[in-house]
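**Q** Please find one structure pasted underneath; my questions will follow.
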Amino acid sequence: MAVFVTYCSLKYLAEYCLTKQYNNEADMVQKTVPANITEVKLYHRYHALAPEIVPRYFNDSADIKLPLELISEMPELKENPFHQKLLQVFSEDKQDNMSFNDFLNMFSILSDLTPQHLKAYYAFKVYDFNSDNFICQSDLEVMLGKLTGDEELSHEEVQLVCHKIMEEGDLDGDGKLSFADFEYMITRAPDFMSTFHIRI
Ligand SMILES: [Ca+2]
Ligand SMILES: [Ca+2]
């Protein structure tokens with residue numbers, strides 16, 4: 001039964017799907033970044049993480065980065081089962097650091113105001129744990145492990161859920177989910193997006 005509950009909750013994981021694809025990530029993120037009170041609020045949060053490193057007032061020329069492990073201590077992130085991969089996806093230097101710009105991009109994408117197709121683009125990157133541009137069996141196993149936490153599923157249950165997800169999502173039958181497969185799937189399984197928003 002647990003497996004079906006998990007599967008149903010996976011299926012409930014993402015109503016927000018779309019079909020538009022972007023070629024330029026910087027462009028699309030930029031469109032979502034509001035130059036407003038949220039930005040100021042986020043800067044205060046970033047500053048509070050390391051007041052000795054981050055100036056109190058925003059300085060454009062400041063080339064400051066904070067380690068991901070420090071940012072992962074934020075309560076809003078800590079409770080997200082995918083926070084580690086999430087932080088890596090938005091870390092532009094790919095060296096486990098985050099500039100304020102990365103930080104702003106991440107919370108902008110996670111906000112309620114962001115169009116769902118844009119969220120889907122980043123959710124796909126987050127769920128692609130081995131970063132090979134596909135969501136394959138091993139990614140699904142990692143994902144399930146993180147979603148179920150303490151409620152451990154048996155090997156058979158994990159295999160069953162993975163099989164069902166692939167059965168529904170793998171449109172071209174190559175045994176893995178491309179971004180196109182994923183976009184199609186989340187229209188039918190909105191749960192996949194439920195962990196992809198954080199209000200701050
Ligand atoms: Ca993968
Ligand atoms: Ca496929």
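FYI, it's all coordinate maths here, none of it is from the lab. Please read these numbers as outputs of a predicted model, since none were measured by experiment. Virtual Cβ from ideal backbone geometry, glycine too; neighbours counted across all protein chains shown.
**Q** Starting at the first residue of segment 66-76, write each ³J(HN,Hα) from the Karplus equation 6.51 cos²θ - 1.76 cosθ + 1.60 with θ = phi - 60°, in whole Hz, x for Gly and Pro.
**A** Calculated HN-Hα couplings, in order: 10, x, 4, 5, 6, 5, 5, 7, 4, x, 5 Hz.
**Q** Now, a different point. I need Arg188, Arg56 ordered by Cβ neighbour count within 10 Å, fewest first. Intermediate values should be presented prior to the final figure.
**A** Working: Arg188 13, Arg56 10.
Arranged by neighbour count, lowest to highest, Arg188, Arg56 become Arg56, Arg188.
**Q** Counting only C-alpha contacts under 8 Å and six or more residues apart, can you give the relative contact order of segment 115-199 as a whole percent?
**A** In percent, rounded to a whole number, it is 31.
**Q** Amide H of Leu177 versus every other amide H placed in the peptide plane: which residues, excluding those fewer than 5 positions away on the same chain, fall under 5 Å?
**A** Ile135, Cys136
**Q** Using 0.36 nm times the number of residues separating Ser154 and Asp63, minus their current alpha carbon distance, what extension gain do you get?
**A** Numbers: separation 91, 0.36 × 91 = 32.76 nm, distance 4.71 nm.
Result: 28.0 nm gained on full extension.
**Q** I would also like to ask the following. For segment 126-137, take each phi angle, set θ = phi - 60°, evaluate the Karplus expression 6.51 cos²θ - 1.76 cosθ + 1.60, and give the result in whole Hz per residue in order, putting x for glycine and proline.
**A** In residue order, the calculated couplings are 5, 6, 7, 4, 9, 6, 10, 6, 9, 9, 10, 3 Hz.
**Q** Which of the residue pairs Lys119/Lys176; Lys65/Lys176; Lys78/Lys164; Lys94/Lys164; Lys41/Lys119 have a Cα-Cα distance greater than 26 Å in the structure shown? Walk me through the intermediate numbers first.
**A** Details: Lys119/Lys176 20 Å; Lys65/Lys176 35 Å; Lys78/Lys164 29 Å; Lys94/Lys164 33 Å; Lys41/Lys119 22 Å.
Those over the limit are Lys65/Lys176; Lys78/Lys164; Lys94/Lys164.
**Q** Right, next: Report the relative contact order of segment 41-122, percent, no decimals, based on alpha-carbon pairs under 8 angstrom and at least 6 residues apart. Mind dumping the intermediate values first?
**A** Working: 59 pairs, mean separation 20.3, N = 82.
Averaging sequence separation for qualifying contacts and normalising by length gives 25 percent for segment 41-122.
**Q** Which order, highest average first, do 124-130, 157-163, 69-75, 98-104 follow once you tally other Cβ atoms within 10 Å for each residue and take the mean per peptide? Intermediate values should be presented prior to the final figure.
**A** Numbers: 124-130: 19.0, 157-163: 17.3, 69-75: 13.9, 98-104: 20.6.
Going by the mean number of other Cβ atoms within 10 Å, highest first, we get 98-104, 124-130, 157-163, 69-75.
**Q** Counting only residues 5 or more places away or on other chains, whose amide H sits under 5 Å from the amide H of Met98 once H atoms are built in the peptide plane?
**A** Amide H neighbours of Met98, under 5 Å, 5+ apart: Leu66, Leu68.
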